[in-house]
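Read-outs throughout are calculated quantities, based only on the coordinates presented, and are distinct from any laboratory measurement. Because the structure is a prediction, the values reported are computed rather than measured. Neighbour counts run over all protein chains shown; Cβ positions are idealised from the backbone, glycine included.
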Amino acid sequence: MTRPARSDPARIPSQNDHVRPGPAPWPRRPRHSVPGWTVVSAGLAPIVATGGWLIADAVQPASYSPIRKTVSVLAGHAGTDRWIMTGALFLVGGCQLLTAAGLVGVRVPARIVLAIAGLSSIGIAASPEPVRGSTPQHLAWTALGAVAIAVWPAFAARRAPPRPLILSSYGCAAVTAVFIVLLGWLVIETQGGDDLGLVERLFLSTETCWPFVVALALQQTTG
């Protein structure tokens, strides 16, 4: 009786040996981290905005009331040392444009809306109010910028992981609701309210902070 030949473990595989390849692994999706300069530009925007109106308020005559008068008056032709607030508005707009360019962790529509807010800030600075009244250009840029920065959190919501709580659909909806309430309060005050300047400053300083919060959260999540 013939025994079957045993395979030699030391035998070198030949070309006749067929090896079935296993399934190729799926390529990992790259995780893009927010650049550090984006976090810096996002953080500078609220600092420059708030610092701008604080310094500009300090150099105004005693007749100026920051509770009643708007920031636009500080940058307008009726303001004392108007270059302070004008320069701040230009810088805020530039910071928002840089942030929109580097905020790779959010969708393209969110970055476009933030860029619109930045262009609006530059437009406000480039079309100052006259001594009395306002101009259609100034009002248009002001309205566009206010709406853009108020609804921006809704566009910044992330659908794909990693997704921080503040960038979830519920988190962004809650923040947007608060910003819309502030915007509505601001619109009401424009109809002869006594606290227009106070509400505008609260609106400006609060809502320019949110891109920094988003940039910082994305950097910590994807970094």
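Things to note:
- The residues packed around L103, meaning those with a beta-carbon under 12 Å from its beta-carbon, carry a net charge of +3 if Lys and Arg are +1 and Asp and Glu are -1.
- From the alpha carbon centroid of the stretch 80-103 to that of the stretch 156-223 is 18 Å.
- Dipole size of the stretch 111-197 about its Cα centre, with +1 on Lys/Arg Cβ and -1 on Asp/Glu Cβ: approximately 580 debye, rounded to the nearest 20.
- Debye intensity ratio in log₁₀ form over the Cα atoms of the stretch 80-205, taken at each q of 0.14, 0.16 Å⁻¹: -0.67, -0.85
- What the pair-distance distribution of the stretch 43-108 shows, using all Cα-Cα distances binned every 10 Å from zero, is 22, 43, 21, 11, 2 percent.
- Cα pair distances exceeding 15 angstrom across the stretch 174-223, given as percent: 54 percent
- Charge dipole magnitude, Cβ of K and R +1, D and E -1 - the stretch 36-222, Cα centre, debye nearest 20: 580 debye
- Loop-located trypsin sites (Lys or Arg not before Pro) in the stretch 119-223, at most 14 other Cβ atoms within 10 Å (DSSP): R132, R159
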